[in-house]
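Worksheet: the structure to be examined is printed underneath.
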């Protein structure tokens, strides 16, 4: 594609898009993961002499995940953990919203009942 540059000369370079490439988009998350793993390794293996904490270092954890996957226990355990997490978040949301609406119905400093939105009941 031939276009004119601002100075009037022909520009024969291919048209550029304003969208960043894959390397530009994936770079910061990849660097963040690498820094997190480096800090994990530093804290669990280099800075501590504790044998229990050293057992959780990345060079021990990654092969253990592969072993759990090969034995077929990783995915059911992850599913059970995610289910417990979801159930706990649901209970917290129900209790939190109800108690928030209940406490918002009272003006504590005067003892008078205030107004609450219709979604609180």
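The values are calculated or read from the model by the stated rules, or taken from the named source; none is laboratory data. Keep in mind it's a predicted model, so treat the numbers as computed, not measured. Quick reminder, even Gly has a Cβ in these numbers, built from the backbone with ideal geometry, and neighbours come from all protein chains shown.
Hey, residue 116 hits all of (1) assigned to a helix (DSSP H, G or I); (2) at pLDDT below 95; (3) surrounded by 10 or more Cβ atoms within 10 Å (Cβ to Cβ) but one; which does it fall short on?
Unmet for residue 116, out of (1) assigned to a helix (DSSP H, G or I); (2) at pLDDT below 95; (3) surrounded by 10 or more Cβ atoms within 10 Å (Cβ to Cβ): (1).
For (1) in contact with a helix residue (DSSP H, G or I) (Cβ under 7 Å, 6 or more places away or on another chain); (2) at pLDDT below 85; (3) in a helix (DSSP H, G or I), each residue gets a yes or a no:
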residue: 25; (1), (2), (3): no, yes, yes
residue: 33; (1), (2), (3): no, no, yes
residue: 37; (1), (2), (3): yes, no, yes
residue: 69; (1), (2), (3): no, no, yes
residue: 80; (1), (2), (3): no, no, yes
residue: 88; (1), (2), (3): no, no, yes
residue: 92; (1), (2), (3): no, no, yes
residue: 98; (1), (2), (3): no, no, yes
residue: 103; (1), (2), (3): no, yes, yes
